[in-house]
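The next block holds one structure in the form of structure tokens; read it before the comments.
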Amino acid sequence: MSRTKTFTLDEARELLPELRDRLIAMQVNWQNLAPYQKEVRQLAMKIDKGGSTISDAGKYLSLAKKLKSQLTYFENMSIEVKDITSGLVDFPFIREGRIVYLCWKMSEETISHWHETDAGLAGRQPI
């Protein structure tokens, strides 16, 4: 049985400067992938038919692998990336004996909210 890593509020807050930088890098990569995401089916069909250049497929695969690597960093830290575009992340946190999430968006200076694991952003409550 695997145990979820939990954070104290201080531990999570200490990570914010590094996470902000990593999220910005992910957002740039996500934006670079956007044109390919819109056309991924067409690109796949072109590749299947031999009509796409290797550079098209290679660039898409390179960006996708980079994004996967960036997400893996967060997963390995037990931090859940909920939305790349807004930089929304959740940290497992023990509150009153149960696991909930500390919830932070890049636009916020610090972590100031939490929510139940099934509540999401709409269920955020002040700490």
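The values are calculated or read from the model by the stated rules, or taken from the named source; none is laboratory data. These numbers come from a predicted model, not from an experiment. Every residue, glycine among them, receives a Cβ derived from its backbone with ideal geometry; neighbour counts consider all protein chains shown. Remember, those area values only see protein heavy atoms, side chains included, never the ligands or the DNA or RNA. Shrake-Rupley method; radii C 1.70, N 1.55, O 1.52, S 1.80 Å.
Can you name the residue in the range 103-124 that is among the β-branched types (Val, Ile, Thr) and either under 17 Å from residue 11 (Cα atoms) or more than 17 Å from the chain's Cα centre (by Cα) (or both) and, of all such residues, is surrounded by the fewest Cβ atoms within 10 Å (Cβ to Cβ)? Within the range 103-124, the match that is surrounded by the fewest Cβ atoms within 10 Å (Cβ to Cβ) is 110.
Looking only at the range 69-90, count how many residues are touching a helix residue (DSSP H, G or I) at 6+ places or on another chain (Cβ under 6 Å) and among the β-branched types (Val, Ile, Thr). Before you say what the answer is, go through the steps one by one.
Residues of the range 69-90 touching a helix residue (DSSP H, G or I) at 6+ places or on another chain (Cβ under 6 Å): 70, 81, 84, 87.
With the extra rule that they be among the β-branched types (Val, Ile, Thr), the set shrinks to 81, 84.
So the count comes out to 2.
Is it the case, given these coordinates, that residue 38 is among the charged types (D, E, K, R), out of contact with any helix residue (DSSP H, G or I) (no Cβ under 9 Å at 6 or more places or on another chain), in a helix (DSSP H, G or I) and at pLDDT below 95? Yes: the conditions hold for residue 38.
Kindly indicate whether residue 94 is modelled with pLDDT of 95 or more and either under 15 Å from the mean Cα position of the chain (by Cα) or surrounded by 13 or more Cβ atoms within 10 Å (Cβ to Cβ) (or both). Steps first, please.
Working: modelled with pLDDT of 95 or more: yes; either under 15 Å from the mean Cα position of the chain (by Cα) or surrounded by 13 or more Cβ atoms within 10 Å (Cβ to Cβ) (or both): no.
Taking the combined requirement at face value, the residue does not satisfy it.
Could you say whether any residue in the range 12-22 is modelled with pLDDT of 75 or more, touching a Lys or Arg at 6+ places or on another chain (Cβ under 9 Å) and open to solvent by less than 90 Å² (accessible area, probe 1.4 Å)?
Of the range 12-22, the ones modelled with pLDDT of 75 or more are 12-22.
Applying the additional criterion that residues be touching a Lys or Arg at 6+ places or on another chain (Cβ under 9 Å) yields none.
No.
Based on what the data block shows, is residue 100 under 13 Å from the mean Cα position of the chain (by Cα) and crowded, with 17+ Cβ neighbours inside 10 Å? Walk me through how you get there before you give the answer.
Details: under 13 Å from the mean Cα position of the chain (by Cα): no; crowded, with 17+ Cβ neighbours inside 10 Å: yes.
No; evaluated as a whole, the condition is false for this residue.
In the condition set (1) at pLDDT 95 or above; (2) surrounded by fewer than 16 Cβ atoms within 10 Å (Cβ to Cβ), residue 50 is compliant with all but (1).
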